[in-house]
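A quick write-up on the structure given underneath.
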Amino acid sequence: MIKVFGHKSPDTDSTGSPIIWAWYLTEVAGTPAKPVLLGEPNTEAAFVLKHWGLDKPEIISDVTAEDTCVIVDTNNPAELPPSINEAKVVGIIDHHLLVGGIKTKAPIEITVRPLACTATIMHDLMGDALARAPREIKGAMLSCILSDTLEFRSPTTTPHDRAVAEKLAADLGVDIPAFAAELFAAKSDVSAFSDAELLRMDSKEYEIEGKQFRISVLETTAPKVLLDRKDSLMAAMPAVATEDGADQVVLFIVDILREEATLLVPNDLVKELAEKSFGATVSGDTVVLPGIMSRKKQIIPVLKL
């Protein structure tokens, strides 16, 4: 049985894409597979599972040499199980830059394409077989694309991502603006989470000039809810960094509707990062970065000290 999984702190794409691909491997390719998660899905991903009547996949913490795996929505060992290089990885489907560090036991199938969403790539790989997919699989695919593109607002969005989403929506009878509003409302409901949980909810590990950073992004249609917690979020950063082996947590609060990010600036290190990376002038403990919405395209590539 192949285990299909995405990255730790699973968002909608890393929750939905394993479900989609496990269905394809099992029902079309005739290779038994099951989706698993590397943590609890975030609020938006949990909404997607409930909305489309999908079971939450089993959550695992590691893999073994006996496991056969397909990795989706990442190729970064830091975001994968500790023993990933001991497992038999047979495939990778991703839309992020290549990080390196994954070792396989044999040649494998790798598909990495410059699209906004892993599910868009899966749509293309499945071809005509998608017509056999049940409503909930197509619904998961649509949800992944709308989430990763922020309803086509993200600069990572390609015309192809949009065309695939619109075709799926028409097939499902879904009104994209109305459904996307439900997605983003679920994403924005963070009241039940502690500050530490929020800082880890959607985060990536990244090294800059020998320093280890946890780059966290919270996408929301209600930024005030998060900004009202600014002081406690910044107070929680040192402990989270220490526990996770990082020098600093960096948090961007992305306002989906205004299409801008607010960066929390708890100290001189983050101030320097903001000024050198974005050309920003920082005078307080926050700085607004107009037009910044994508960690993958607009944040990670420009970070410097």
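Values for this structure:
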| quantity | calculated |
| --- | --- |
| Only listed residue being modelled with pLDDT of 95 or more and surrounded by fewer than 20 Cβ atoms within 10 Å (Cβ to Cβ), chosen from GLY16, GLY30, GLY6 | GLY30 |
| Flag for ARG200 being under 19 Å from PRO301 (Cα atoms) and either surrounded by 14 or more Cβ atoms within 10 Å (Cβ to Cβ) or among the β-branched types (Val, Ile, Thr) (or both) | no |
| Long-range neighbours under 6 Å by Cβ, at least six apart or interchain, first residue open to solvent by 40 Å² or more (accessible area, probe 1.4 Å) within region 107-136, second part of a helix (DSSP H, G or I) | ARG113/ILE121 |
| Selection from region 52-78 of residues that are more than 26 Å from GLY139 (Cα to Cα) and open to solvent by less than 50 Å² (accessible area, probe 1.4 Å) | VAL63, ASP67, THR68, ASN76, PRO77, ALA78 |
| Condition check for GLU40: touching a Phe, Trp or Tyr at 6+ places or on another chain (Cβ under 9 Å), more than 20 Å from ILE110 (Cα to Cα), surrounded by 15 or more Cβ atoms within 10 Å (Cβ to Cβ) and in contact (Cβ under 8 Å) with a residue 24 or more places away in the chain | no |
| Boolean, ALA163 is assigned to a helix (DSSP H, G or I) and open to solvent by 50 Å² or more (accessible area, probe 1.4 Å) | yes |
| Where LEU97 falls short, out of the listed (1) farther than 16 Å from LEU25 by Cβ; (2) surrounded by 18 or more Cβ atoms within 10 Å (Cβ to Cβ) | (2) |
| Of the criteria (1) open to solvent by 10 Å² or more (accessible area, probe 1.4 Å); (2) out of contact with any helix residue (DSSP H, G or I) (no Cβ under 6 Å at 6 or more places or on another chain); (3) farther than 24 Å from ASN75 by Cβ, which one ASP189 fails | (2) |
| Pair list, Cβ < 6 Å and 6+ apart or interchain, from region 147-170 residues that are in contact (Cβ under 8 Å) with a residue 24 or more places away in the chain to residues that are open to solvent by 10 Å² or more (accessible area, probe 1.4 Å) and of a type in the set (A, V, I, L, M, F, W, C) | THR158/LEU115; ASP161/LEU115; ALA169/ILE176 |
| Within region 65-92, considering residues that are in a strand (DSSP E or B) and of a type in the set (A, V, I, L, M, F, W, C), the one nearest to THR111 (Cα to Cα) | ILE92 |
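Every residue, every condition in (1) within 28 Å of ASP94 (Cα to Cα); (2) among the aromatic types (Phe, Trp, Tyr); (3) open to solvent by 20 Å² or more (accessible area, probe 1.4 Å), yes or no:
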residue	(1), (2), (3)
MET237	no, no, no
ALA241	yes, no, no
ALA261	yes, no, no
LEU305	no, no, yes
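The values are calculated or read from the model by the stated rules, or taken from the named source; none is laboratory data. Nothing here was measured: the structure is a model prediction, and the numbers come from that model. When we count neighbours, we look across all protein chains shown, and the Cβ atoms used for this are built from the backbone with ideal geometry, even at glycine. The area values use the complete protein model at the heavy-atom level, side chains included, leaving out ligands, DNA and RNA. Shrake-Rupley method; radii C 1.70, N 1.55, O 1.52, S 1.80 Å.
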